[in-house]
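The values are calculated or read from the model by the stated rules, or taken from the named source; none is laboratory data. If you're wondering where the values come from, they're calculated on a predicted model, not measured in any experiment. Cβ sites come from the backbone with ideal geometry, for glycine too, and all protein chains shown count toward neighbours. These area figures cover heavy atoms from the full protein model, side chains too; ligands, DNA and RNA do not enter into them. Shrake-Rupley method; radii C 1.70, N 1.55, O 1.52, S 1.80 Å.
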Amino acid sequence: MSAAAEAVSNTTPIAVEVDQVTKIYPGGVEALNDMTIQFPKGELTSLLGPSGCGKTTLLKIIAGLLKPTSGTVKVNGVDVTGPGKERAFVFQDFALMPWASVIRNAAFGLELQGMNKTEREAIAGKYIDIVGLKGYENLYPHELSGGMRQRVGLARALAVNAEVLLMDEPFSAVDEQTRRKFQEDILEVVDDEQKTFIFVTHSIEEAVYVSQSIALLLPRPSRVSEIIRPDIRRDISPDAIRRDPVYLDIVERIWQGLRTYVE
Amino acid sequence: MKIFGIQIPMMASLILWAIVWEIVGQLELSILLPPFSHILIRMVEIVPTATFMNALWITAKCFLIGTAIAIVVGIPIGVLMGRSIVIDRMLLPWVNMFLSAPLTALVPVLMTLFGFGTKTIILTTVLFAIWIIVLDARAGVKNITPSLVDMTKSFQANFWQAFTKVYVWAAMPEILAGIRLGCIRSIKGVIIGQLLVSVVGFGRLFELYSANFLMEHMWALLFVLFFFAFLIAEGLGVLERKFEYYAASRN
């Protein structure tokens, strides 16, 4: 670890540490090359970059769903060898069980941990309320809109009370209006839950709007090109933020950095 | 279907064929084709007899036991094959071979091993039904959305939980299709088994009727069997359609 990185970890505790991770898929496609990055505790960090920069691969390695070819990932100082209780995943396509009701889906992580039904449904019910789906407990996923399905996915991840939430383009399959509302809600969840969020997105506006820090990833070779902390004002209304010159400047700056990589 | 703007019921063509059959039968062209009406009368006559009921009971018993074994053994094998490449490589050639093999030829072997009784018939039924159930369960598991598998792993399901709480359910549309096709093959198996064993159940009746050229009895018996086969296939089809909604919402 470099001296500068040491200094950072002294000031804010680090939740997730990715150290020189390389991932080569069978067939020789290099998704990540010697990636080193740290995620501070209690913050929402976005992984932003054009497609092919390995952001989803990195997230899946942190989740323990993929094994790195070399390098290590530590969560709270402990090496990641597979999925673990301290991490929960929110999937791009929601990954809900179509045969299970909203409440059972939301409680599924707890069900797998062996918690009894009353207890787990009480906890899941609380998070269903937090994500704004109170009253929908007994519906099935196919009866919900895309945005509502992803709220169930979020409730499921929150219910297991993991310290680190890994979100893989959670809003990309959700329509634009719903997405904006969802982004506002996620900010509240981040404030209330005191968890570490790692958020993969390809939307610059989304990254700037929801993140405390943005890791800008670039492809060929994949690397962290820059860490940006968009210190935009959070005390003003969501609509005011979206018109705030600081917000717009950061969006513009990131776009200038990325545009050369977009065909 | 509509003809001249009049809605024709689904099975209308069957009535037409029955009429054709009746005419041909009345012409007494062949002993093999008695008039349709005679067959219906014979059906009413033989169905309530003790011999028939006994044969039906044996057939139903062998069918149910055989199909149940095929389902209970076939689904787990199919799911395992879908999840594990090693198991898949080891079993797939055998499953494919047995699926298309002329299984009837194996029944005499079963007879020498298990005798001329219900055991052989049940085993024949299993042998006919199980392979398509295995293949469909395997296909269902292979079709599970990758993210659902990742979800199962990321919430740390153990092997048993993943199997019973996710994989089997996610593959349910294909598994049900497999069960339906398996049942149809079961019916074939249970009849062919009895025909070859030919001393119990419908096999004995077929033997009796054909040896004595009782064609009306023969046809009556066949119609009853066709009817049951149709009923089972349709019933399972209805069940399958109930699960279709989530096959569409899986991806």
Provide, in order from the shortest bin, the percent of all Cα-Cα pairs of the protein assembly as shown in each 10 Å bin, continuing until the bin that contains the maximum pair distance. 4, 15, 20, 18, 13, 11, 9, 7, 3, 1, 0
Partner aspartates and glutamates for A:Lys23 [C-alpha distance under 12 Å; skip if fewer than 8 residues away on the same chain]: A:Asp34
Rounded to the nearest 500 deg cm²/dmol, what is the calculated helix-only ellipticity per residue at 222 nm for chain A, with -39500 (n - 2.57) per DSSP H run of length n ≥ 4? -11500 deg cm²/dmol
Shielding score for B:155-163, defined as the mean number of other chain Cβ atoms within 10 Å: 4
Net charge, A:Glu30 excluded, C-beta distance under 12 Å - Lys, Arg +1, Asp, Glu -1: +2
Using packing as a proxy for protection, rank B:215-225, A:218-228 so that the peptide with the highest average count of other Cβ atoms within 10 Å comes first. B:215-225, A:218-228
When all protein chains stay in place, what accessible area (Å², nearest 10, 1.4 Å probe) is found for B:Leu64? 110 Å²
Rg ratio (alpha-carbon, reference 2.2 N^0.38 Å) - region A:1-134: 1.25
For region B:48-250, count all C-alpha to C-alpha pairs, find those more than 23 Å apart, and express that count as a whole percent of the total. 50 percent
What are the chymotrypsin sites (Phe, Trp or Tyr not before Pro) within region A:76-126 that DSSP puts in a loop, where the Cβ has at most 14 other Cβ atoms within 10 Å? none
So the angle from the long Cα axis of helix B:85-100 to the longest Cα principal axis of chain B, reported in degrees to the nearest 10, equals 10 degrees
If one builds a Gaussian network model of chain B from Cα atoms under 10 Å apart, the most fluctuating residue listed among B:Leu16, B:Leu135, B:Leu196 is B:Leu16
Per DSSP H run of at least 4 residues, take -39500 (n - 2.57); add these up for chain B, divide by its residues and hand me the 222 nm value, nearest 500 deg cm²/dmol. -25500 deg cm²/dmol
As an exercise, identify the trypsin sites (Lys or Arg not before Pro) in region A:45-111 lying in DSSP coil whose Cβ has no more than 14 other Cβ atoms within 10 Å. A:Lys85
Partner lysines whose C-alpha sits under 28 Å from that of A:Lys126, ignoring same-chain residues fewer than 8 away, are A:Lys41, A:Lys60, A:Lys85, A:Lys117, A:Lys134, A:Lys181, A:Lys195, B:Lys153, B:Lys165
Relative contact order of region B:48-250, please, whole-number percent, based on alpha carbon pairs below 8 angstrom and at least 6 residues apart. 28 percent
Counting only other chains, what is the mean number of Cβ atoms within 10 angstrom of the Cβ of each residue in peptide A:150-160? 1
Could you sort A:Asp231, A:Asp129, A:Asp244 by accessible area so the largest value comes first, with the probe set to 1.4 Å? A:Asp231, A:Asp129, A:Asp244
Charges on Cβ only, +1 for Lys and Arg, -1 for Asp and Glu, centred on the Cα centroid of chain A; of A:Ile236, A:Pro40, A:Val164, which one is farthest towards the dipole's positive end? A:Val164
Indicate, rounded to the nearest 5 percent, the antiparallel portion of the DSSP beta bridges found entirely in the protein assembly as shown. 55 percent
Report for chain A the percent antiparallel among DSSP-assigned beta bridges with both residues inside it, nearest 5. 50 percent
Principal axis box of region A:98-161, alpha-carbon based, largest edge first, Å: 29, 23, 17
